[in-house]
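The structure appears below as structure tokens.
The values are calculated or read from the model by the stated rules, or taken from the named source; none is laboratory data. These numbers were taken from a predicted model, which means no experiment stands behind them. Every residue, glycine as well, gets a Cβ built from its backbone with ideal geometry; the counts of neighbours run over all protein chains shown.
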Amino acid sequence: MTGQGPVLAVDQGTSGTKALVVCPERGVIGSGAAPVRPRHLPGGLVEVSPGDLLDSVLDAGRAALADADEPVTAVGLANQGETVLAWDPATGEPLTDALVWQDRRAEPLCAELAEHAEELRALTGLPLDPYFAAPKMAWIRRHLTRDGTVTTSDAWLTHRLTGAFVTDAATAGRTQLLDLDTAAWSERALALFGLDGEALPRVVDAAEHIGTTTDFGYGIPLTGLLVDQQAALLAQDVTEPGSAKCTYGTGAFLLAQTGDRPRRGDSGLVACVAWRLGGRSSYCLDGQVYTAASAVRWLTDLGVISGAEDLDAVGSAVPDSGGVTFVPALAGLAAPWWRGDLRGSLTGLGLDTAPGHVVRALCEGIAAQVAELADAVAADLGEPLRSLRVDGGLTRSALLMQTQADLLQRPVEVSALPDVTALGVGAVARLGADPGLALRDVIPAWRPAAVYEPRVSADEAAARRAAFRSEVTALLSRTS
């Protein structure tokens, strides 16, 4: 078997699945997409039908193969990370809906475990928060069903495609059940969550032969598995310590490479596995902003803009935010605060406030949170980031990207490659299909489509960030 032919790379995401057929010589030669429609329910509940996830993978993959109109040698699958469900391992049928990573219903369970929060962070690198998989898994066991197995969505999708019962080390690291140092399941963490005795998937490398799927029309080896943000990290060649990327999707996710050792800092960032290849783990620091494109959709639903494509036009109608400050904590604040119970705030409104002021305030709010994450990375690493590589749909907004460069006071390099998550999992699929390849052989060449340099002084950036921090502090004080 050779990895030199095209591969099918599938990125199963929160609001849709994207599939690419990637040829090592010709690049992307086929693409397909299928929507996913999670349900946002009162009380911070977010769920989706597992069948919709599987259908989206098959529909997008088949469309990409039809578009390419040539066979592939392997398939890779990227996943959402912290989305979980219970399912029957004998039949593969789901026993519950999937609880999406944004779901907050396990907050009371986390409160019960508060005295073990530091122990869990030391074991797994993760703060105790319902964002991660283990609290949701425990909630399913307590409230929905004791039958079958309960796992992250990738294990179920992989089982449906190949019959294998596996998860990659980076996805396992998003559960809060993986020992960060050994990349093996932690019996202590399982016991704390009441999940001891659970049948858990085998933890595998990101690149290895998992099995063969016939669901795309003919037999294709599944040779690549990787959680979405780490796949994007790989595709943007963030492979050396001190480099970082941020993906602006439903949320915004900043990851910084730390090398072959986990870095447990005290800044509020997550220490986790970046990927495991050849049995050796690489690690990263990870910071999350829960609402980015989802906040843009919220503004759209209110009628302030007609869609993300309006950000620049509407925001450019005014020179600044007009004193408006937006903390877009519409699903709570993640790193470095870890206050999922918070609600957002929009302050400084007046009769002269126009839609453009609100749009600029939203861009400032997203960019300020990402800048806080970058500062946290610098504190944990002991040196500032040199630049930030970015991808995702919102990078098409010049207003947001310029705001990001201004508040960060560092260059922001926008990826010229769309769909970097799919490209990242396609790269590990090539590695898994051809063991003779090295990691450097499969990483796409980095070339930015645009580079945004800071246009404001460090003093102005500091003042704008201080205004944002003061509103966050006000939120924290009102709800503490």
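General remarks:
- Boolean, D129 is farther than 22 Å from P221 by Cβ, in contact (Cβ under 8 Å) with a residue 12 or more places away in the chain, part of a helix (DSSP H, G or I) and out of contact with any Ser or Thr (no Cβ under 9 Å at 6 or more places or on another chain): no
- Among the conditions (1) of a type in the set (S, T, Y); (2) more than 22 Å from the chain's Cα centre (by Cα); (3) within 18 Å of L417 (Cβ to Cβ), the only one that T73 does not satisfy is (3).
- The strands (runs of 3 or more DSSP E) found entirely in region 1-86 that carry 2 or more residues being surrounded by 23 or more Cβ atoms within 10 Å (Cβ to Cβ) and outside the structural domain of D301 (by TED's automatic domain parsing) are 7-12, 16-23, 74-79.
- Subset of region 409-419 (residues that are among the hydrophobic types (A, V, I, L, M, F, W, C) and surrounded by fewer than 24 Cβ atoms within 10 Å (Cβ to Cβ)): V414, A416, L417
- Tally of residues being part of a loop (DSSP other than H, G, I, E, B) and free of Cβ contacts under 8 Å to residues at least 12 places away in the same chain across region 449-461: 1
- Condition broken by D266, with the remaining ones in (1) buried (at least 21 other Cβ atoms within 10 Å of the Cβ); (2) more than 28 Å from W446 (Cβ to Cβ); (3) modelled with pLDDT under 95 satisfied: (1)
- None of R410, R430, R440, R464 is part of a helix (DSSP H, G or I), among the basic types (K, R) and more than 23 Å from A170 (Cβ to Cβ) except R464.
- Hey, A155 in contact (Cβ under 8 Å) with a residue 24 or more places away in the chain and closer than 18 Å to V75 by Cα or not: yes
- All conditions but one from (1) closer than 26 Å to S345 by Cβ; (2) surrounded by 24 or more Cβ atoms within 10 Å (Cβ to Cβ) apply to L423; the one that does not is (1).
- For region 299-309, a residue qualifies if it is in contact (Cβ under 8 Å) with a residue 40 or more places away in the chain and more than 23 Å from the chain's Cα centre (by Cα), and the qualifying residues are V304, I305.
- Looking only at region 282-326, residues that are modelled with pLDDT of 95 or more and part of a strand (DSSP E or B) come to 2 in all.
- E119 more than 24 Å from the chain's Cα centre (by Cα), acidic (D, E) and in the same structural domain as S186 (by TED's automatic domain parsing): yes
- Residue that is under 20 Å from the mean Cα position of the chain (by Cα) and either modelled with pLDDT under 95 or under 30 Å from H209 (Cβ atoms) (or both), where the choices are L417, L431, L476: L417
- Lone qualifier among Y248, Y283 - being crowded, with 24+ Cβ neighbours inside 10 Å and either more than 30 Å from G211 (Cα to Cα) or not hydroxyl-bearing (S, T, Y) (or both): Y248
- Within the set V238, V203, the sole residue that is in a loop (DSSP other than H, G, I, E, B) and either in contact (Cβ under 8 Å) with a residue 24 or more places away in the chain or surrounded by 20 or more Cβ atoms within 10 Å (Cβ to Cβ) (or both) turns out to be V238.
- The number of residues in region 138-159 being surrounded by 22 or more Cβ atoms within 10 Å (Cβ to Cβ) and part of a loop (DSSP other than H, G, I, E, B) comes to 0.
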